[in-house]
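The values are calculated or read from the model by the stated rules, or taken from the named source; none is laboratory data. Bear in mind that the values here come from a model prediction, so they are computed numbers and not experimental data. Positions of Cβ are generated from backbone atoms using ideal geometry, with glycine treated the same way; all protein chains shown enter the neighbour counts. Heads up: the accessible areas ignore ligands, DNA and RNA and are worked out on the full protein's heavy atoms, side chains in. Shrake-Rupley method; radii C 1.70, N 1.55, O 1.52, S 1.80 Å.
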Amino acid sequence: MNRIELPKEVGLLAVSKYQPDEKVLLAYDQGQRLFGESHVQDMVRRYETMPKDIEWHFIGHLQTNKVRQIVPFVSLIHSMDSPHLLFEIEKHASHIQRVVPCLLQLHVAQEETKFGFFPDEAISFLQEGEWRKCSYARLAGVMCMASNTDNEEQIAAEFDTAYRFFLQAREEFFPQDSLFTIRSWGMSGDYQIAIRHGSNMVRIGTLLFKDS
Ligand SMILES: *Cc1c(COP(=O)(O)O)cnc(C)c1O
């Protein structure tokens, strides 16, 4: 695992998708404990075969019919991208009485293909209030992905949109002492911009695992 300098208040999620098991275990031996996967089957297999003190974060688009497989062990679902998904997570989490923190995935990129709530949809969803009935699927912050572009100003503006949304949502919908604290943005290509624009958790794969 390559060294990446981060401010101490920024968490590092090592995105292990598509990496061979050996590399993941080497990172574990170097002290890394937070790993991110984007496919349910891979994450379940790794959870079952790898050390139990790893915290597995799910970062891919999550189909509702696969929620049940990860709810027993997942530490954080970054990609809560629809009300229906949140209620499905609540259903399975309440069955086993396990709290599952989730991030509201915000769509801030120019690209059509990205999942997530548009900021106005996210505000409506929070205002509407059904989410307050969820006592096991807990909203813990915001996740986003910026556009895949070299235009740093555009990337910064997209992260700013997410940060403003986070601040507004925290003030209006979450009490001071709540768990709503996580700002998950920044990947290999844009994590430095992300940190300057409000991120406190970066999700890095390529840069961390590439042979240097
Ligand atoms: C793959 C992935 C990452 C990591 O991307 P890198 O460019 O390899 O650092 C981060 N977030 C999500 C949602 C991903 O799917």
Item to check | Residues of region 1-54 that turn out to be more than 25 Å from Arg183 (Cβ to Cβ), basic (Lys, Arg) and open to solvent by 20 Å² or more (accessible area, probe 1.4 Å), as a count | outcome: 3
Checklist entry - For residues in region 192-208 being within 8 Å of the ligand (Cβ to nearest atom) and hydrophobic (A, V, I, L, M, F, W, C), which is most open to solvent (accessible area, probe 1.4 Å)? => result Leu207
Item to check | region 112-143, residues that are part of a strand (DSSP E or B) and small (Gly, Ala, Ser) | outcome: Ala137, Ala140, Gly141
Next on the checklist: So the check is Cβ under 6 Å with 6+ separation or different chains; which pairs have a first residue in region 1-20 that's closer than 19 Å to Arg45 by Cα and a second one that's at pLDDT 95 or above and more than 11 Å from the ligand (Cβ to nearest atom)?
Outcome noted: Leu13/Leu34; Ala14/Ala27; Ala14/Gln32; Ala14/Phe35; Ser16/Val24; Ser16/Phe35
Next on the checklist: Just to check your reading of the model, which residue among Ile123, Ile204, Ile155 is touching a residue at least 60 places away in the same chain (Cβ under 8 Å) and not basic (Lys, Arg)?
Outcome noted: Ile204
Checklist entry - Quick check: anything in region 89-111 closer than 29 Å to Asp160 by Cβ and part of a helix (DSSP H, G or I)? => result yes
Checklist outcome for this item: Condition set of a type in the set (S, T, N, Q), outside any helix (DSSP H, G or I) and surrounded by fewer than 16 Cβ atoms within 10 Å (Cβ to Cβ), scope region 159-191, selection nearest to the ligand (Cβ to nearest atom): answer is Thr181
Checklist entry - When you go through (1) touching a helix residue (DSSP H, G or I) at 6+ places or on another chain (Cβ under 6 Å); (2) closer than 17 Å to Ile59 by Cα; (3) not aromatic (Phe, Trp, Tyr) one by one for Arg203, which number turns out not to apply? => result (1)
Next on the checklist: Just to be sure before I move on: is Leu62 free of Cβ contacts under 8 Å to residues at least 60 places away in the same chain, crowded, with 20+ Cβ neighbours inside 10 Å, in contact with a Ser or Thr (Cβ under 8 Å, 6 or more places away or on another chain) and among the aliphatic types (A, V, I, L, M) in the structure I sent?
Outcome noted: yes
Next on the checklist: Among the residues in region 123-142, are any closer than 22 Å to Gly60 by Cα, within 16 Å of the ligand (Cβ to nearest atom), open to solvent by 30 Å² or more (accessible area, probe 1.4 Å) and within 16 Å of the chain's Cα centre (by Cα)?
Outcome noted: no
Checklist entry - Which condition breaks for Asn200 when tested against (1) within 13 Å of the chain's Cα centre (by Cα); (2) more than 26 Å from Pro72 (Cα to Cα)? => result (2)
Next on the checklist: Restricting to region 84-113, name every residue that is surrounded by fewer than 16 Cβ atoms within 10 Å (Cβ to Cβ) and either within 17 Å of the chain's Cα centre (by Cα) or among the basic types (Lys, Arg) (or both).
Outcome noted: Arg98, Val99
Checklist outcome for this item: Filtering region 53-70 for residues that are in a loop (DSSP other than H, G, I, E, B), more than 15 Å from the chain's Cα centre (by Cα) and under 24 Å from Gln32 (Cβ atoms) leaves a count of 2
